[in-house]
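Take a look at the structure set out below.
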Amino acid sequence: MSSTHPIPPASGQVSGLEQVRTTLAAACARAGRPPQSVTLVAASKTVSPEALVPALDAGLMVYGENRVQEAQEKWPGLRERFPGLELHLIGPLQSNKARDAVALFDVIHSVDRPSLCRALARQCAAQGRRPRLFVQVNTGAEPQKAGVLPDRADAFVDACREVHGLDVIGLMCIPPVGEPPEPHFSALAEIAARNGLDHLSMGMSGDYATAVEYGATHVRVGSAIFGARAYPAPQPTHP
Ligand SMILES: *Cc1c(COP(=O)(O)O)cnc(C)c1O
């Protein structure tokens, strides 16, 4: 893609990208991990399509959106222009949006309840698509937050696979605001290991380097790449 989309000079919208890439590479080196073992998922909620073009031109090809509708409005046009890009849903998903989510996203990070599993399984069959899935774990057991409780995670992962036939590849968590993230990252890694899951979606702008130390394979980074959002991120809640 570099021949058709030359890297533009640093622009305001992606001013943080080089720093994030450098920090990620250093974190991988410290952890003795190859740099390709971590996927940078650019959390692009509230970033306009025009502001995303410089990031795409700079070779950033994996994006995470929080809301199905916002993603539907932003991405189909960009996808025509940048066919190699990958779209991840990182926010909560309502079962009645499963059809649109399966149609649009390559990866869904927020699978957390049986009704959603049924809807996803139905849509995968109907559309002949198989997005890769992460099960979200509510490692802090916060009442307002999406995700399965840690002590239910093993049974839930099992049901996703055995009952619903879904392609679960890993686990995702969002540690509680204001708490050190390390215990949450290590708890997630432990649940993944005992369930034979290879992928961990954890780490945001404030803690992605730490997450790499604890085995993150997908870090979801927004403001460190694009700058502060014009309005605060919607707090992920249970739909
Ligand atoms: C917004 C968001 C992120 C990125 O947050 P930043 O602090 O801007 O890096 C990561 N994960 C989820 C689920 C988000 O909603």
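Read the figures in this text as sums done on the coordinates, not as results from a lab. Quick caveat: nothing in here was measured; it's all calculated off a predicted structure. Heads up, the Cβs are rebuilt from the backbone with ideal geometry, glycines too, and the neighbour counts pull from every protein chain shown.
Annotation for Glu50 and Leu149: the two label points, set 7 Å from Cα along the Cα-Cβ direction, are 4.9 nm apart. Sequence-ordered 3J(HN,Hα) estimates for the stretch 35-50 from the Karplus curve with 6.51, -1.76 and 1.60 and θ = phi - 60° stand at x, 6, 7, 10, 8, 7, 9, 7, 6, 10, 4, 6, 7, 6, x, 4 Hz, glycine and proline given as x.
In the stretch 136-239, a dipole from Cβ-located charges (positive for Lys and Arg, negative for Asp and Glu) runs towards its positive end, and of Ala216, Val177, Ile191 it is Val177 whose Cα lies farthest in that direction.
Computed over the chain with a Gaussian network model linking Cα atoms closer than 10 Å, the most mobile of Ala211, Ala126, Ala141 is Ala126.
Note on Ser115 and Ala193: with the Förster distance fixed at 25 Å, the Cβ-Cβ geometry gives a FRET efficiency of about 0.35. Here's the picture: charge each Lys and Arg Cβ at +1 and each Asp and Glu Cβ at -1 in the stretch 86-160, and of Asn138, His88, Ala126 the one pushed furthest to the positive end of that dipole is Ala126.
For the chain, the mean residue ellipticity at 222 nm estimated from helices alone is -11000 deg cm²/dmol, where every DSSP H run of n ≥ 4 contributes -39500 (n - 2.57) and the total is divided by all residues, rounded to the nearest 500.
Working out 0.36 nm times the residue gap between Asp158 and Gln19, then minus their Cα-Cα distance, what length gain in nm do you get to one decimal?
46.1 nm
Highest mobility in the GNM of the chain, judged by mean-square fluctuation with C-alpha springs under 10 Å and restricted to Asn195, Asn66, Asn96, is found for Asn96.
Net charge dipole, the chain: roughly 480 debye, given to the nearest 20, about the Cα centre with Cβ charges of +1 for Lys and Arg and -1 for Asp and Glu. Taking Val62, Val135, Val111 as the candidate residues, the one with maximal mean-square fluctuation in a Gaussian network model of the chain, Cα springs under 10 Å, is Val62. Stokes-Einstein D for the chain at 10 °C, 1.306 mPa s, Kirkwood Rh over Cα pairs, in µm²/s? Answer, rounded: 88 µm²/s. With a simple spin-label model that places each label point 7 Å from the Cα along the Cα-to-Cβ direction, the separation between Asp106 and Arg130 comes to 1.6 nm.
Couplings 3J(HN,Hα) for the stretch 75-81, derived from phi with the Karplus relation 6.51 cos²θ - 1.76 cosθ + 1.60 (θ = phi - 60°), are 9, x, x, 5, 5, 4, 7 Hz, where x marks Gly and Pro.
Taking 0.36 nm per residue of sequence separation and removing the Cα-Cα distance, the Arg33/Met61 pair yields an extension gain of 8.0 nm. Phi-derived couplings, Karplus 6.51 cos²θ - 1.76 cosθ + 1.60 at θ = phi - 60°, listed residue by residue for the stretch 168-173: 7, 10, x, 10, 10, 9 Hz, with x used for Gly and Pro.
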